[in-house]
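This report refers to the structure that appears directly beneath it.
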Amino acid sequence: MTAYDNQSTAELIHSLTQIDIAIIQKDGTPVVQIQENVLPAFHRLNEFDPIFQQIEQFHANGYLTYTDSAQLSYVAARLDQPDDQVVVLGPFLTTTLTIDEINDIVAMNSYTISEHRQLTQLYQSFPVLAEDKINDLATLMTNLFSRQLATAHEKAKITNAIASGDQVAVHRLNTTMTKIFDSFSNRIPGKPLRSSKNICFVFNTICRIAAHKGGVHPVYLNDISEKYALLIERQNTLQGLHILVHSMTREYCQLVLTLSTSGYSPMIQRAADYILLNLGHPITLNQIAQSIGTNPSYLSRKFKQEVGMTITDYVNHRRIVLAKQYLSRPTPSITDIALMTGFNDLNYFIRVFKKLTGQTPLQFRQKPTGSGIQK
């Protein structure tokens, strides 16, 4: 990859993860550096020195995780081109630090009281990543830098299409993805299927991050990500992997269309997430307000203001979206679908469904391409 490709890839990873990233030469000079959280001068140690010392033993595209004396963590990998440079993603935290732990860090590093305050503020700005998330990021980073999967413009178009729920663009770009995977199939000599599976795993991670950027709750992303990881590994033909890639992009895009809470304030996002995670159960305004720690009347007013509909209407809207997905299949029964989607009264389900779609559930099932509702 050229220097331009490396910078473009770094910019793409930063846009997907919102984590600082740098490409560093052996002398510590950054070739590329994208920062939103600049470390204070008192902790601007040569954090890349120990990373370079440890990464020397790794082959190109191998990665390590490194945690410094202030419990700031990084993921680092050697580049294959040029081979004297290292890409470093971070810093981030692997756990939320307590007051006592921060005090211990300050004492161990001989920081002053003023520096204690700066460090505490800094911790509040960093993401806290679980081990599986770190592994996802490492896989994403090493594979994107190991070979140019597509031009930066193409990568951005694919991720932006998923993040914005643009089904038309996703459908159009699936052809591009097929060509990319075909060009990647010789990555492991003599093992085109294994090579293609590896890039499918990477693309699964890219789709997951793009959908999360688009406002989808991690609970849903975990399910779909694990499902496709299993399907990819079980596939035994290149054609089958092509089909999986197309299905993957469509499904992640559909999640954004139906489950995104982006564009709302943090409080309304939490309320919408609570609703989406509990659609199969009775939901009341008081329950939602209690779960997010706010006043019911205030929540009701703010929700209508931001979302454009009452909480009751939003709950019914989301339940009908799910009901339509089940009704597009011959089973289960309409009564079962009503219960599954949180409607305890079949007649009420039918009335709400007809109000929002212009059809009864039975009419929709008989003609599933009829009028529907969008996000």
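What to note about this one:
- The chain, relative contact order [Cα under 8 Å, separation at least 6], %: 11 percent
- Diffusion coefficient, µm² s⁻¹, Stokes-Einstein with Kirkwood Rh over alpha-carbon pairs of the chain at 10 °C and 1.306 mPa s: 68 µm²/s
- A protection proxy built from the mean count of other Cβ atoms within 10 Å ranks the segments 102-111, 271-280, most packed first, as 271-280, 102-111.
- The H on the amide N of Q33, modeled in the peptide plane, is under 5 Å from the matching H of I23, each at least 5 residues off or on a different chain.
- Of all accessible heavy-atom area on the chain, the percent that carbon and sulfur account for (1.4 Å): 51 percent
- Long hydrophobic helices in the chain, taken as whole DSSP H segments with a C-alpha length of 15 Å or more on their own axis and mean Kyte-Doolittle hydropathy at least -0.5: 3-17, 131-146, 152-163, 167-184, 192-213, 218-234, 238-259, 266-277, 311-327, 346-357.
- When the chain is treated as a Gaussian network with alpha carbon springs shorter than 10 Å, the biggest mean-square fluctuation among F42, F203, F353 belongs to F42.
- Scattering from the range 264-344 was approximated by placing one identical point on each alpha carbon and applying the Debye formula without solvent; log10 I(q)/I(0) at 0.18 1/Å stands at -0.72.
- Residue-normalised accessible area of the chain, expressed per residue, 1.4 Å probe, Å²: 49 Å²
- Distant-in-sequence amide H partners of V216 (H built 1.01 Å from N, under 5 Å): T261
The values are calculated or read from the model by the stated rules, or taken from the named source; none is laboratory data. The shown structure was predicted, so the numbers you read here are calculated from the model rather than taken from an experiment. Using ideal geometry, Cβ is built from the backbone for each residue, glycine included, and neighbour counts are taken over all protein chains shown. The protein model used for the area step is the full one, side chains on, heavy atoms only, and it has no ligands, DNA or RNA in it. Shrake-Rupley method; radii C 1.70, N 1.55, O 1.52, S 1.80 Å.
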